[in-house]
1. Of the lysine pairs in segment 8-93, how many meet both conditions: Cα atoms under 22 Å apart, and a spacing of 8 or more in sequence or different chains?
2. Show S331, S283, S73 ordered by accessible area, largest first, where the area counts protein heavy atoms only and the probe is 1.4 Å.
3. May I ask you to list the residues of segment 122-143 whose amide nitrogen lies under 20 Å from a point 7 Å from Cα along the Cα→beta-carbon direction of Q314?
4. For the chain, with a Gaussian network of springs between Cα atoms less than 10 Å apart, report the residue from A216, A49, A196 with the top mean-square fluctuation.
5. Quick one: if you stick a label point 7 Å off each Cα along the C-beta vector at V141 and V117, how many nm between them?
6. Using just the Cα positions, wrap segment 236-328 in a convex hull and report its mean projected area in square nanometres, one decimal place.
7. Rounded to the nearest angstrom and ordered from largest down, what semi-axes does the equivalent ellipsoid of segment 301-350 get from its C-alpha gyration tensor (root of 5λ)?
8. Using a 1.4 angstrom probe on the protein heavy atoms only, line up I287, I205, I192 by accessible area, largest first.
Amino acid sequence: MSSSSPTVNQRDHYKDLLPGCDPKALDNRFPLYLGDWEKSDPRKDDDIAMDNMDEPHMKRKLAILKRHPEIESLYGHDSRTSLITIAAAASQIYFAYLFGKVWTDTFWGFVAFSYLVGGSITALYGVLIHEATHNHAAPTVFLNKLVGLTANIGIPVPIYASFRRYHLEHHTYQGVTGMDPDMPLEWEKKMIRGNAALKFLWLLIYPVMYVVRGAAMKKIPSTWEIYNIIFTICSDALVVRFCGLRGLLYLFTSLWFGYGLHPGAAHFIQEHYTFDDGQETYSYYGILNKPYMNIGLHMEHHDFTKVAWSRLPQVRAIAPEFYDSMAYHTSWLLVHWKFITEPAYGPQSRLGRTVEDHKAGRKAAGKLRRADEHAYDEMAVDVQKQKDE
């Protein structure tokens, strides 16, 4: 029942460069914070794998900063993101006008362009919305929200505000069952499993799954989600007015392709689907990070959410022992191919944890936030006292 992982790592090369202190009485995952759990296999497992520790990135961040404090100098936004957002939104609306008012007789050209160009731009919108969510596009929270709404102009459904709300929860409660909105639903795990045809169809409807998973959280829409709905209704009406219904259809088709089975959408699978035992977050180091603004550097992003897209490569360059030692992907096409064709991967190829275990790990890590030279020793002593009692 073995399957080959598409990931690679350079752990042996960097093992002597990793921190030598050993606070195992505190957290035996130090320093890379890899778990000792085995990945879920849809051929024999009905559910996701489970861990009894908190999510690893806060502790990874502190361990990395202790060795490389200069990473904090990379914090901050990149105003170029706002300009890219305006250009991307204007481009997509222009193409909607062309297909709605000028190129009205072509069908296969419409489909091909919607996938190759429209889908690629829409996948980029996801990156721009992600940057605005983390306040990386502008100097204030309000301006970042305006950037997010601008990126939503080329997406005919209100995505930005809901993504912001649920994505920030994902960072706080990564893998916590019932609290991380990025986790698969029960029907996804039971119905699809490792079946290649069903996984292919599942990826085709992935844009719908974002809506369904958010609705499953059963939360009342926030004020900004209501603003987003009104804003999108108005922008869609303007598209119909100036580009026609076919122009709006172009935007919907681009959304379907760009968030579905598209190379630019492979990061949805790359980021947290468990291709290896013990590792729940993965980066992608490949050529498509260039047009997609380093969205593949997901391990770096989770470790340092205050670093904008343009400076994420510097995080890896400063601390290669913490990143090249982890399993990572080199091809988004291979991510999709392996995920679809290998029966060992499916929607339940994720890691979960209970909220109790997550909170216990966070409580123990409280002193680590000081990141002083004695923090590990102090925490290890506390844990040992608890064991003695």
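1. Numbers: K15/K24; K15/K59; K15/K61; K15/K66; K24/K59; K24/K61; K24/K66; K39/K59.
Taking segment 8-93 as the scope, the lysine pair count is 8.
2. Values: S331 40, S283 5, S73 95 Å².
In descending accessible area the options line up as S73, S331, S283.
3. It comes to 131-132, 134-140, nothing else.
4. A216
5. So the label points at V141 and V117 sit 3.9 nm apart.
6. Working: hull surface 30.9 nm².
Its average projected convex-hull area is 7.7 nm².
7. On the way: eigenvalues 150, 29, 25 Å².
In descending order the semi-axes read 27, 12, 11 Å.
8. Values: I287 135, I205 60, I192 10 Å².
So, going from the largest accessible area down, we get I287, I205, I192.
The values are calculated or read from the model by the stated rules, or taken from the named source; none is laboratory data. Predicted model only: the values in this text are computed from it and were never measured. Neighbour counts run over all protein chains shown; Cβ positions are idealised from the backbone, glycine included. Heavy atoms of the whole protein, side chains included, go into the accessibility calculation; ligands, DNA and RNA do not. Shrake-Rupley method; radii C 1.70, N 1.55, O 1.52, S 1.80 Å.
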